[in-house]
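Input: one structure, supplied below.
Values quoted throughout were computed directly from the atomic coordinates according to the rules given, and no laboratory measurement underlies them. This is a predicted model, so every value here is computed, not measured. A quick note on method: Cβ atoms are made from the backbone with ideal geometry, for glycine too, and the neighbour counts reach across all protein chains shown.
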Amino acid sequence: MLKINRVHHIAIICSDYQLSKHFYTQILGFKIIAEHYRAERKSYKLDLQVGDQYQVELFSFPDPAARPSHPEATGLRHLAFEVDSINEAVNHLGEHGVVAEPVRIDEFTGKQFTFFADPDGLPLEFYKR
């Protein structure tokens with residue numbers, strides 16, 4: 001049986017590198033681990049730390065194709081981040097002009113969650129611990 005230890009990283013391609021870098025570092029508070037510009041690809045690669053266990057890789061490429069999201073498309077549905085307080089997280093987003101959907105309750109766990117979007121419309125979720 002194959003043994004997978006954990007998720008190593010999540011890769012995101014953005015259309016506006018500086019806008020997305022600001023969103024993920026200044027609004028969501030992810031810590032920059034490393035930032036590299038790859039001249040041959042005209043591409044940035046930004047490694048971000050999420051909590052103490054996970055990484056997000058933020059990439060920029062010239063003219064990336066749009067990701068179909070609405071209606072829901074085949075593929076990765078969304079990324080969910082665990083938070084201690086949904087209300088504090090939603091308020092924090094609002095202070096930065098990011099709109100979150102109304103808070104809902106997971107019918108199976110009874111926990112609160114909400115969805116919002118990154119600058120490219122990538123669906124993100126906050127889920128109460």
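Quick check: pseudo-label points 7 Å beyond the Cα along Cα→Cβ at ARG41 and GLU88, how many nm apart are they?
For ARG41 paired with GLU88, the spin-label model returns 3.6 nm.
Here's something else I'd like to know. Give a quick list of chymotrypsin sites (Phe, Trp or Tyr not before Pro) in region 94-124 that DSSP marks as loop, anything other than H, G, I, E or B, with at most 11 other Cβ atoms within 10 Å. Show your work: numbers first, answer last.
Details: sites: PHE108, PHE113, PHE115, PHE116; in loops: PHE108.
Sites meeting the loop and neighbour criteria: PHE108.
Hand me the GluC sites (Glu not before Pro) from region 68-125 located in a DSSP loop with no more than 10 other Cβ atoms within 10 Å, in residue order please. List each step's numbers first, then the result.
Details: sites: GLU72, GLU82, GLU88, GLU95, GLU107, GLU125; in loops: GLU72, GLU107.
Sites meeting the loop and neighbour criteria: GLU72, GLU107.
Right, next: Would you calculate the separation in nanometres between label points at GLN49 and GLN18, each defined as 7 Å from the Cα along the Cα-to-beta-carbon direction?
2.7 nm
Angle between the Cα long axis of helix 86-95 and the longest principal axis of the chain, 0 to 90 degrees, nearest 10?
Rounded to the nearest ten degrees, it is 50.
Return the distance in nm (one decimal) between the two label points of a simple spin-label model at ASP106 and LEU2, each offset 7 Å from Cα along Cα→Cβ.
Output for this residue pair reads 2.5 nm.
Once you list every other residue whose beta carbon is under 14 Å from the beta carbon of SER20, what net charge do they have if Lys and Arg are +1 and Asp and Glu are -1?
Values: positive: LYS21, LYS45, ARG67; negative: ASP16, GLU35, ASP47, GLU57, ASP118, ASP120.
Here the count lands on -3.
Amide H of LYS111 versus every other amide H placed in the peptide plane: which residues, excluding those fewer than 5 positions away on the same chain, fall under 5 Å?
Close amide H contacts, sequence-distant or interchain: ASP106.
OK, next. Find out how many positive minus negative residues lie around PRO119, taking Lys and Arg as positive, Asp and Glu as negative, among other residues whose Cβ is under 13 Å from that of PRO119.
Net of charged neighbours comes to -1.
Here's another thing I want to ask about it. For the chain, what proportion of DSSP beta bridges, expressed in % and rounded to the nearest 5, is antiparallel? It would help to have the intermediate numbers written out before the result.
Details: 20 of 31 bridges.
Counting only bridges with both partners in the chain, antiparallel ones make up about 65 percent.
Now, a different point. GLU82: net charge of surrounding residues, Cβ under 11 Å, Lys/Arg +1, Asp/Glu -1, itself excluded?
Numbers: positive: LYS111, LYS128, ARG129; negative: ASP84, GLU125.
Residues close to GLU82 contribute a combined charge of +1.
What order, most packed first, do the peptides 13-21, 1-9 have when packing is the mean number of other Cβ atoms within 10 Å of each residue?
Numbers: 13-21: 16.6, 1-9: 6.6.
Averaged packing, sorted descending, gives the order 13-21, 1-9.
Next up: Is the shape of the chain best called rounded, prolate or oblate, per the rule: a/c under 1.5 gives rounded, else a/b larger than b/c gives prolate, else oblate, with a ≥ b ≥ c the square roots of the Cα gyration tensor eigenvalues?
Taking the square roots of the gyration eigenvalues as a ≥ b ≥ c, the chain is prolate.
Sticking with this structure for a sec: Lysine pairs, Cα distance under 23 Å, 8 or more residues apart or cross-chain: how many in the chain?
Numbers: LYS21/LYS31; LYS21/LYS42; LYS21/LYS45; LYS31/LYS45; LYS31/LYS128; LYS111/LYS128.
Here the count comes out as 6.
Can you tell me the relative contact order of the chain? Whole percent, Cα pairs under 8 Å, sequence separation 6 or more. Before the final figure, lay out each step's value.
Numbers: 202 pairs, mean separation 28.4, N = 129.
After rounding, I find 22 percent.
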